[in-house]
1. Where both residues lie in the stretch 99-207, what percent of DSSP beta bridges are antiparallel, nearest 5?
2. Using unit Cβ charges (K, R positive; D, E negative) and no other charged atoms, how large, in debye to the nearest 20, is the dipole of the stretch 99-207 about its Cα centre?
3. Work out, in µm²/s and without decimals, the Stokes-Einstein translational diffusion coefficient of the stretch 99-207 at 10 °C, 1.306 mPa s, Rh from Kirkwood over C-alpha pairs.
Amino acid sequence: MSTDPQNPHTDKSAAEEPTSASAGSTQDSGSESEDRLADSQPAQAPESGASEEVGDPSPDSDGLQAEVRELKEKLLMAHADMQNVRRRSERDVENAHKYALEKFVAELLPVVDNLERATAAIDSGSEAFAAVTEGIELTLKNLLDVLARFNVEQLNPKGEAFNPDHHEAMAMVPQPDAKPNTIIEVYQKGYLLNGRLVRPAMVVVAQAAPA
C-alpha cells in the first residue's frame with residue numbers, strides 16, 4: 001500500500017490505531033476482573049434483620065419453660081414419695097421385729113394367770129403344800145423373767161391413777177380413803193410388749209363420795 005505524500009494525516013491516524021485498540025483491551029480486562037471479584041465475595045444478609053431474629057424469643061419458649069417447671073415439680077414429688085415409702089418400709093420392718101412375739105405372749109399370759117391363782121389359793125401355812133407352793137412360785141418367777149428378757153412388762157397398777165390407755169375399769173366404787181379415779185383393786189394384771197399394750201389391766205376404780 002502506498003502512502004499519499006499529500007495527506008500527512010493518513011500516517012498519523014494509522015499510527016494511533018494500535019494505541020486505541022490496546023486501551024480498549026485494557027478496559028475489557030479490568031471489567032472482567034471486577035466481575036470475578038464480585039462473584040467471589042459471599043453475599044451478606046442485612047444486619048438489622050439478623051439482630052431482630054436473634055433478639056426475639058421463640059413463641060414456644062414460655063410453654064417449654066412451663067413444661068420444664070412442671071416436670072421438676074413432678075420429679076420432686078416422686079422423690080418425696082420414694083422417701084416416704086422407704087421410711088414406712090423401715091418402720092414396718094422394725095415393728096415386725098419388735099412385735100413378732102405379740103401373739104405368742106398373748107397366748108402365754110393365761111399360763112401366768114393360772115400360776116398366780118394357784119399360788120394365791122394354796123395355804124402357805126400348810127407344811128404339806130409348802131414344797132408345791134415353792135415349786136409353783138419358782139416356775140412363775142422363771143416365766144416372768146423370760147418374758148422380761150423379751151421386753152414384756154407386767155402392769156400391776158394398784159394405787160395408781162386410772163389410765164384408759166393401759167387399764168380397763170370393771171367397776172367404780174365409792175372409796176372415802178382413796179382419791180377419786182384411783183385404782184383400788186386389780187382383777188387381772190396387764191402386759192406391755194416393747195411399750196405396746198398386749199392386754200389391759202382389769203381394775204376397780206375409786207369413785208368420789210357423793211356430796
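Derivation of every value follows stated rules applied to the coordinates shown; laboratory data play no part. Please read these numbers as outputs of a predicted model, since none were measured by experiment. Because the Cβ atoms are built from the backbone with ideal geometry, glycine has one as well, and the counts that use them run over all protein chains shown.
1. So the antiparallel bridges in the stretch 99-207 amount to around 65 percent.
2. Computed charge dipole of the stretch 99-207: roughly 320 debye.
3. 104 µm²/s
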